[in-house]
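The values are calculated or read from the model by the stated rules, or taken from the named source; none is laboratory data. Please read all numbers here as calculations on a predicted model, not as lab measurements. Note: ideal-geometry Cβ built from the backbone for every residue, glycine included; neighbour counts use all protein chains shown.
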């Protein structure tokens, strides 16, 4: 009696699951009426601005500057996390917590002066947003950056007119990875979560979107706290924002 080719059987089952998942994704994509975008690392490369502000803050304490890569790895979890993580090198751990409130104020002052100076939108951002907007897709920006700083950056880069809603990290009682900001966008748009898609660059975006019940796509060029985004569990990785429109059939 011939034995079944287990490898071929598993491969066939895997192909079937993949085809079913693809059909499911196509159906869900077709229902999308609104798209939420993260800001830093998704639409705009802001790491050079963060580097300037962080090192200006460190200079206030007589600390040596940090390289861009080290600063970039700390981006994405809010200003307090960024300041704590970048103040620590060269400072006694007990002093870091003591100095944190003053360091945070110093960082915010420096960043407010620097915001947008060296930041640049990634390729295809304008084209992708314009394609979605022209097709009548609702667009929102949800970021952990404080609202005032987020709006300044959106205005300086010319991205502000694309968005009907902008929520910063201080706009609501909770920020990403909590799903509240995503749910609030759905509520404001009067859309169900399965009609809304999140596009981001980090596990924060994925966790928030998943908990809210939304599809989530990620770009490969962002920050994600220095960890590979490919392993973070998004529904799909995209090359750039034009691909969002393509996936929606626009």
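What to note about this one:
- Matching residues in the range 88-112 - criterion: being closer than 24 Å to residue 152 by Cβ and in contact (Cβ under 8 Å) with a residue 24 or more places away in the chain: 103, 104, 106, 107, 108, 110, 111, 112
- Meets criteria (at pLDDT 95 or above, more than 24 Å from residue 80 (Cβ to Cβ) and in contact with a helix residue (DSSP H, G or I) (Cβ under 8 Å, 6 or more places away or on another chain)) for residue 129: yes
- Applying the criterion of being more than 18 Å from the chain's Cα centre (by Cα) and under 22 Å from residue 238 (Cβ atoms) to the residues of the range 115-131, the residue that is surrounded by the fewest Cβ atoms within 10 Å (Cβ to Cβ) is 127.
- Tally, over the range 210-231, of residues that are farther than 22 Å from residue 123 by Cβ and either modelled with pLDDT under 90 or within 13 Å of the chain's Cα centre (by Cα) (or both): 4
- Verdict on residue 168 being under 13 Å from the mean Cα position of the chain (by Cα), over 15 Å from residue 122 (Cβ atoms) and touching a residue at least 24 places away in the same chain (Cβ under 8 Å): yes
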